[in-house]
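The values are calculated or read from the model by the stated rules, or taken from the named source; none is laboratory data. This one's a predicted model, so the numbers in the text were calculated from it and none came from an experiment. Positions of Cβ are generated from backbone atoms using ideal geometry, with glycine treated the same way; all protein chains shown enter the neighbour counts.
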Amino acid sequence: MRTAYRPRTFVLELVMVATAVAFLFPVYALVTLAFKDPEQIANAPLSPPDPPSVDSFGTAWQSASLGSALLNSTLITVSSVVVLIVLGSLAAYFLARQAGRLSYSLYILFLVGIILPFQLGMIPLYQLVNDLGLLGTYQGMILFYTGIQLPFTVFLYTGFIRSLPADYTNAALIDGASHLQAFVHVIFPLLRPITGTVLILNAVHIWNDFFTPLLYLGGSGRETVPVRVFAFVNEYTSDYGLVAAGLVLAALPILVVFLLLQRYVIRGFSSGLKG
Amino acid sequence: MTAVMAPPVKPAPPPVKRVRRGGGIAPPWLFAAPALLVYALVMLYPSIVGAGSAFTDWSGVGEQRSFVGFDNFQELVHDDQALGALRNTLLLTLAIVVVQNGLGLLLALGVHTTIKSRMVLRVIFFAPVVVSPVMVSFLWKYVYNPAPDAGLNAALNAVGLGALRQDWLGDPSLAIWSVAFTVIWQCAGYSMVIFLAGLEGVPKELHESAMVDGAGTVARFRHITWPLLAPAVTINVMLSTVGGLTLFTQIIAMTNGGPGYATDTLSTVLYKQAFVFGKFGYSTAVALVLAIFVAAVSFLQIGYLRSRETTA
């Protein structure tokens with residue numbers, strides 16, 4: 001409810017800002033830690049770094065091999081999201097436009113995947129990926145994320161396509177366009193808002209996922225950022241400054257992207273789930 | 001579906017593309033085939049095999065396995081670690097659902113006002129959501145440092161609350177709440193943005209006319225805002241429940257289930273049984289119990305929360 005700025009509003013403003021300061025305390029502790037040398041960490045754990053030292057950042061970047069980890073994460077995330085958007089929107093177009101018992105059952109079958117915990121199939125899937133020779137490969141991860149995230153993607157796309165009028169595609173089809181042409185030129189451009197949501201939710205999830213890349217990529221040289229950070233922190237566990245610098249560097253790329261696109265990211269997270 | 005079929009008196013329509021109830025001309029099955037194939041390969045097939053091996057003594061290596069009926073489940077109800085993990089999972093889920101959504105709602109109400117800092121605050125509170133849980137866990141592992149002069153303990157000391165210093169992750173009765181708070185800190189902003197979207201859908205006119213009628217802030221929240229937030233409550237409760245029941249990464253990164261078994265969850269137990277002890281059959285039995293829990297709780301919640309939405 002938006003009304004005038006009153007004394008009460010000012011009190012609320014103070015309370016909220018104080019909350020934010022307390023909320024940010026862990027971030028302050030981590031960032032200042034990263035800029036301190038071991039002596040400062042021991043003597044003045046909470047004060048600002050004086051003088052700030054950036055030595056830890058270079059060492060952390062090297063020891064955690066963050067450069068190649070960022071490349072691996074980018075490659076896996078971008079490819080998986082592209083495949084998800086293509087397969088998910090095509091399937092949803094069929095499910096939304098084909099009435100009948102069979103396509104409805106198929107839709108329900110996809111929905112089951114949303115509440116099916118992946119732990120149930122975790123071990124058989126690991127074996128399957130191993131049998132297919134895809135352990136330790138980018139392709140294995142892309143296949144995994146596509147399968148795991150498809151139910152949610154199909155759910156979002158189907159709901160959106162159902163709300164679109166069918167007239168446009170019918171007109172294109174009657175004019176002699178093929179189904180694929182009608183989809184590419186008429187439907188897909190109309191899906192832009194929901195494609196944005198699908199992209200953001202899947203990209204954030206895949207970028208941050210930890211357990212499966214640990215299982216599938218551990219020791220392959222193709223580890224993603226969270227897996228490298230996990231190994232790095234466990235190796236240098238008592239060197240607080242170095243660990244903190246590694247965490248700051250590893251979290252920075254996604255935070256920068258978030259700050260640049262915050263409006264879209266927040267909208268994606270809050271709107272995509274209206275079911 | 002047959003509504004567009006021609007009645008017998010008229011000649012049948014030309015057999016071009018059939019218009020169906022869905023409103024459009026239906027595309028061919030081929031459109032859904034690639035997605036179905038990948039979904040079946042990655043989720044359906046492994047889940048069915050997993051559910052099946054819950055009734056075997058499979059070790060995970062080789063093909064040797066024999067059917068043991070409900071033995072794994074018998075073992076489960078006598079396994080103190082698994083039962084403790086079940087209890088921990090439920091406690092964590094309850095704490096996360098209540099506190100995360102409660103805080104999320106308060107934050108949303110706070111920034112859905114005319115305060116100057118509202119846009120900046122939204123970004124600050126939401127930011128942890130986009131960071132990997134592994135990194136957030138390590139951040140908090142430092143904050144929970146047992147040393148009296150580091151992290152949270154140092155901060156408590158600095159503001160004169162030194163008496164409250166704890167071994168946050170090392171004390172078996174405290175560790176689980178420390179982990180829960182980490183999850184809450186990371187995800188409260190997620191609840192906040194979903195509540196905010198709900199608040200933005202509450203018509204201003206309702207509040208204005210209620211104010212004219214003399215309704216105070218609390219009365220307006222109870223009778224206008226809260227009922228209209230029902231869909232946002234449904235989404236938030238569902239999301240945090242499934243997240244809590246399947247909690248894994250934060251435990252592995254912060255405590256690895258310890259001290260002792262004090263923070264083990266169903267997910268960490270099934271992981272350890274499979275990859276540390278090589279008991280794949282037993283592990284999938286735990287996974288099946290987890291899956292049934294998630295499904296049952298989801299259905300119950302959807303049923304209850306949806307009925308709340310329609311009667312509101």
From the options B:VAL179, B:VAL218, B:VAL269, residue that is β-branched (Val, Ile, Thr) and under 27 Å from A:LEU24 (Cα atoms): B:VAL179
Set A:ALA60, A:ALA44: member being closer than 26 Å to A:PRO253 by Cα and either in the same structural domain as A:TYR28 (by TED's automatic domain parsing) or touching a residue at least 60 places away in the same chain (Cβ under 8 Å) (or both): A:ALA60
Meets criteria (in contact with a helix residue (DSSP H, G or I) (Cβ under 9 Å, 6 or more places away or on another chain) and either in contact (Cβ under 8 Å) with a residue 60 or more places away in the chain or closer than 30 Å to B:GLN273 by Cα (or both)) for B:VAL120: no
Test for B:VAL179: is it of a type in the set (A, V, I, L, M), farther than 30 Å from B:LEU90 by Cα and touching a residue at least 60 places away in the same chain (Cβ under 8 Å): no
Selection within segment A:4-32 - assigned to a helix (DSSP H, G or I) and of a type in the set (Gly, Ala, Ser): A:ALA18, A:ALA20, A:ALA22, A:ALA29
Matching residues, segment A:218-266, being in contact (Cβ under 8 Å) with a residue 60 or more places away in the chain, among the basic types (Lys, Arg) and assigned to a helix (DSSP H, G or I): A:ARG228
Spans of helices (runs of 4 or more DSSP H) in segment A:57-150 with at least 2 residues out of contact with any His (no Cβ under 7 Å at 6 or more places or on another chain) and more than 30 Å from B:ILE302 (Cβ to Cβ): A:66-97, A:122-131
Residues of segment A:199-244 satisfying the condition of being under 13 Å from B:SER132 (Cβ atoms), more than 14 Å from the chain's Cα centre (by Cα) and aliphatic (A, V, I, L, M): A:LEU214, A:VAL227, A:VAL229, A:VAL233
The listed residue being touching a Pro at 6+ places or on another chain (Cβ under 6 Å), more than 30 Å from A:ALA99 (Cβ to Cβ) and either modelled with pLDDT of 90 or more or more than 7 Å from chain B (Cβ to nearest Cβ) (or both), out of A:THR224, A:THR212: A:THR224
Residue check for A:THR224: hydroxyl-bearing (Ser, Thr, Tyr), over 15 Å from A:THR77 (Cβ atoms), in contact with a helix residue (DSSP H, G or I) (Cβ under 6 Å, 6 or more places away or on another chain) and surrounded by 23 or more Cβ atoms within 10 Å (Cβ to Cβ): no
Criterion: of a type in the set (A, V, I, L, M, F, W, C) and away from chain A (no Cβ under 13 Å) - qualifying residue of B:ALA215, B:ALA219: B:ALA219
Where a residue in segment A:99-125 is more than 8 Å from chain B (Cβ to nearest Cβ) and its partner, wherever it lies, is surrounded by 18 or more Cβ atoms within 10 Å (Cβ to Cβ) and among the hydroxyl-bearing types (Ser, Thr, Tyr), with Cβ under 7 Å and at least six apart: A:TYR107/A:THR158
Test result for A:GLN119, within 21 Å of the chain's Cα centre (by Cα), more than 14 Å from B:PRO27 (Cβ to Cβ) and surrounded by fewer than 19 Cβ atoms within 10 Å (Cβ to Cβ): no
Flag for B:LEU105 being facing chain A (nearest Cβ under 10 Å), farther than 19 Å from B:ILE292 by Cβ and in contact (Cβ under 8 Å) with a residue 40 or more places away in the chain: no
Some residue of segment B:243-255 being crowded, with 17+ Cβ neighbours inside 10 Å, of a type outside the set (D, E, K, R), part of a loop (DSSP other than H, G, I, E, B) and more than 9 Å from every other protein chain (Cβ to nearest Cβ): yes
Unmet requirement for B:GLY160, which otherwise passes all of (1) under 23 Å from the mean Cα position of the chain (by Cα); (2) without any contact (Cβ under 8 Å) to a residue 12 or more places away in the chain; (3) more than 29 Å from B:PHE277 (Cα to Cα); (4) more than 9 Å from chain A (Cβ to nearest Cβ): (1)
Of residues in segment A:114-171 being of a type outside the set (A, V, I, L, M, F, W, C) and in contact with a Pro (Cβ under 8 Å, 6 or more places away or on another chain), the one farthest from B:VAL286 (Cα to Cα): A:PRO124
